[in-house]
1. Pick out the one residue from A:I268, A:I248, A:I273 that is farther than 30 Å from A:V149 by Cα and surrounded by 24 or more Cβ atoms within 10 Å (Cβ to Cβ).
2. Tell me, which residue of the range B:76-117 that is assigned to a helix (DSSP H, G or I) and under 16 Å from A:L200 (Cβ atoms) is nearest to the other protein chains (Cβ to nearest Cβ)?
3. What residue, of B:T388, B:T425, is assigned to a loop (DSSP other than H, G, I, E, B) and farther than 21 Å from B:E336 by Cβ?
4. With respect to A:S277, is the statement that it is under 21 Å from A:S80 (Cα atoms), at pLDDT below 90 and within 14 Å of another protein chain (Cβ to nearest Cβ) true?
5. Given the criterion modelled with pLDDT of 90 or more, in a helix (DSSP H, G or I) and touching a Ser or Thr at 6+ places or on another chain (Cβ under 8 Å), identify the matching residue among A:A112, A:A65, A:A92, A:A33.
6. Considering the range A:123-167 alone, what residues qualify as being in contact (Cβ under 8 Å) with a residue 24 or more places away in the chain, of a type in the set (K, R) and closer than 29 Å to A:V224 by Cα?
7. Within the range B:69-84, can one find any residue that is crowded, with 22+ Cβ neighbours inside 10 Å, closer than 30 Å to B:S399 by Cβ and of a type outside the set (S, T, Y)?
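The values are calculated or read from the model by the stated rules, or taken from the named source; none is laboratory data. Please read these numbers as outputs of a predicted model, since none were measured by experiment. All Cβ positions, even for glycine, are placed from backbone atoms using ideal geometry, and neighbour counts span all protein chains on display.
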Amino acid sequence: MSTAEAAPPPGIAARLFSSGAHQKLLAFASLIALLIGFTLASPNFMQMSNIIAILQATSVNGVLAIGVTLVIITGGIDLSVGTLMTFCSVIAGVVLTYWGLPLPVGIVAAIAAGTLCGLASGTFVAKMKIPPFIATLGMMLMLKGLSLVISGTRPIYFNDTPGFTDISRGSIVETIIPGLPIPNGVLILFIVAIATSYILGRTILGRYTFALGSNEEAVRLSGVNTDAWKMAIYALAGGICGIAGLLIASRLNSAQPALGLGYELEAIAAVVIGGTSLAGGRGTIMGTLIGALIMSVLTNGLRILSVEQEWQTVVTGAIIILAVYADMLRKRRTS
Amino acid sequence: MKPIIAMKGIVKHFPGVHALADVSFGLLPGEVHALMGENGAGKSTLMKILAGIYSKNGGQILIDGQAVEIGSPREAQDLGVNIIHQELSLMNDLTVAQNIFIGREPRFSFGRLDEAALNRKTAEIFKSMNLSLDPRTIVGTLPIAKQQMVEIAKALSFNSRVLIMDEPTAALNNAEIEELFIIIRRLKSERVGIIYISHKMDELKRIADRVTVMRDGQYVGTVSAAETPVSEIISMMVGRALTDAAVVVPELGDAPVALEARGLSREREIRDVSFSVKRGEILGFAGLMGAGRTEVARAVFGADPLDSGEIHVHGKLCPIRSPGDAVRAGIGYLSEDRKHFGLATGMNVRSNIAMASLDRFISTIGALDEAGMRQAAQRYIDQLTIRTPSDTQEVRLLSGGNQQKVVIAKWLLRDCDILIFDEPTRGIDVGAKSEIYKLLHSLAEQGKAIIVISSELPEVLRLSHRIAVMCEGRLTGILPGGAGTSQEEIMHLATLRESVTQPLGAA
């Protein structure tokens, strides 16, 4: 209306202090504080080799968390990402070791398997209207079982596929910049993060991801085929789990069919610490990345300080509650 | 002139309800056609069929003389039919521009978004509307009136031939309504047909060409807006002359005051509101949407904190900080949203009636006294004539009117003698309405103090012994009930704005 003042354009400052950015800032500040704290507490912490170890440890959980972030922004949840990751690594094992096909075929097969399983979850949720929690819980169990069935409950090793371990452990970066041994796994994490960030921020798929989480009925009434887009988002998240499956298999030089349960919760924890709202509609990949880093910095730092593993888990749990509580406090103040 | 839209013999069933029966409606190009009727008359249902949101069970829709089937909102949009919903349907986390072009985003190859074009197009629409708003503003940060303008901009962006506006001015202030009317007149001159749903008579007189009235899912008639007196339109809506239904105000001269509120204030929602209600009295609260009536009720009930003000119950100052305090003081609140706040719909009648008084039905070992609860429930089923097969029937299987009675029973069992009813007949069919009215009157005769909030003026007039009218958080006047008070007097007070009105967006 001409009677009212125009809102100021959201400049850099406004963006920095918008609600999403605020939480990211909080998470980022916590990460810096942790880094400083551990550096002061132990001289071994801020070593190049240790930083690389932290990044490497973040890669699998980070990639999984990015996939889950997409689903959570739509207002859903994906509990199947952990066992889906394992399923994809088993598929890679079957294709590469059992069938002896070349490496690129195995990579494509793992990612395709992830995408298809994601599409299946998406179909349960969008078409069959099963609540995401239940649909992906069922998917989680089915995939856990299938991984064991397909592999005959035994690990599948990749000794016959030269170059498979390089997916995660090799370092293209070091061949280009000598002295900077950033492993490929970390590189892949950042590539996945940047690509997903781009999809979320700049493409139609990303737009509908936020729109679905914000007000699904309104999107539907706008004439958008909400079911199809939701399925696409779950499929993309599944494909990203396929990448995580390749990363973990490469790191272990094997597909471990019994692995995977529990990874989904770590991934969701990273998403939540990174400020993505479980109610949907809001979230960033940057936040998730920071969330995943906070978790691995904590684990690593506490280990260096010789804190027992059991206590590390307790601390991680407390951090999740603190992170969400801080977010609630901020929201209450601003509303 | 050939009509753009002709709806003939439209029939719609919902489970257990005959929502529309043989309804016809026509729209000419360049016409503003008002659709009127009481809440639940079927206006919104008819329009949702036209907009492709509901499918019809019978009848025919012609657009430009051609029979069409409108199967989805997208198909309606493709036919040039757009609807601005009564409930805002925006995505709060997205920007204004992203909302307006949802589903039609300008894009590059590979699904990449052309955000610059998106914002440019939106700015152009705003310019044509004389609306100064940054396309990149997040919708959730805007006041409701601005969000309403975003909805209108969205509808305009489709180059609609038919625009359905469902109560578009409910959240707008006078200046904003003027702007909306300018836009409507411009659309008229571009031969867009506009269907305008509103309860505000003065607006219809100013903007509408024809008026079609619906009642109980049926077509009543179509008349010229300019030549038909308001009273005639109203009697078409309610099916009788309004004065016939007026309430008999009892003589309450020396009855004790049950509840008195003094200077209630809460942020911008409630501004210095004072009123009292006597035992045996029904005090009606009238006002437009967002006037602050529900906010007052919630504050009295302790659901929202007050910034200042006092509440006296039976002459004693009573600090109410929580709903628990209010219930202990004998105040019961019957929310407008029974399903969310009033009932555990999955539980049975007995449990619901006993819900607020469970401490009375605990045996010495801490078990619940089912026999006692059954007796109590049966007493109220008889007293309020709740139609249910038994007290173990799940509440969700009862009709709206009987659900409402269960809520009333719950508070009566709790010995509440001050009852606040927020939209007591929302979602209740007409037959059951008069039963609820009778029930409220008999409760008053038994000495209960009753506050009724209603958006339906005929209902306020039919129930209230006195009528408190609110506008923008202020109590603008208290009118006597009965035949002496007209809808126009209430509407006058309901739109009585402060002389210096802050534009909503500027604060």
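1. The conditions single out A:I273.
2. B:G111
3. On inspection, the qualifying residue turns out to be B:T388.
4. So A:S277 passes the test.
5. A:A65
6. Within the range A:123-167, just A:K127 meets the criteria.
7. Yes, there is a match, as at least one residue in the range B:69-84 is crowded, with 22+ Cβ neighbours inside 10 Å, closer than 30 Å to B:S399 by Cβ and of a type outside the set (S, T, Y).
This table checks each residue for (1) more than 14 Å from chain B (Cβ to nearest Cβ); (2) in contact with a Pro (Cβ under 6 Å, 6 or more places away or on another chain); (3) farther than 23 Å from A:L205 by Cβ.
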residue	(1), (2), (3)
A:V224	no, no, no
A:A255	yes, no, yes
A:L259	yes, no, yes
A:V271	yes, no, no
A:I285	yes, no, no
A:E308	yes, no, yes
A:W311	yes, no, yes
A:A318	yes, no, yes
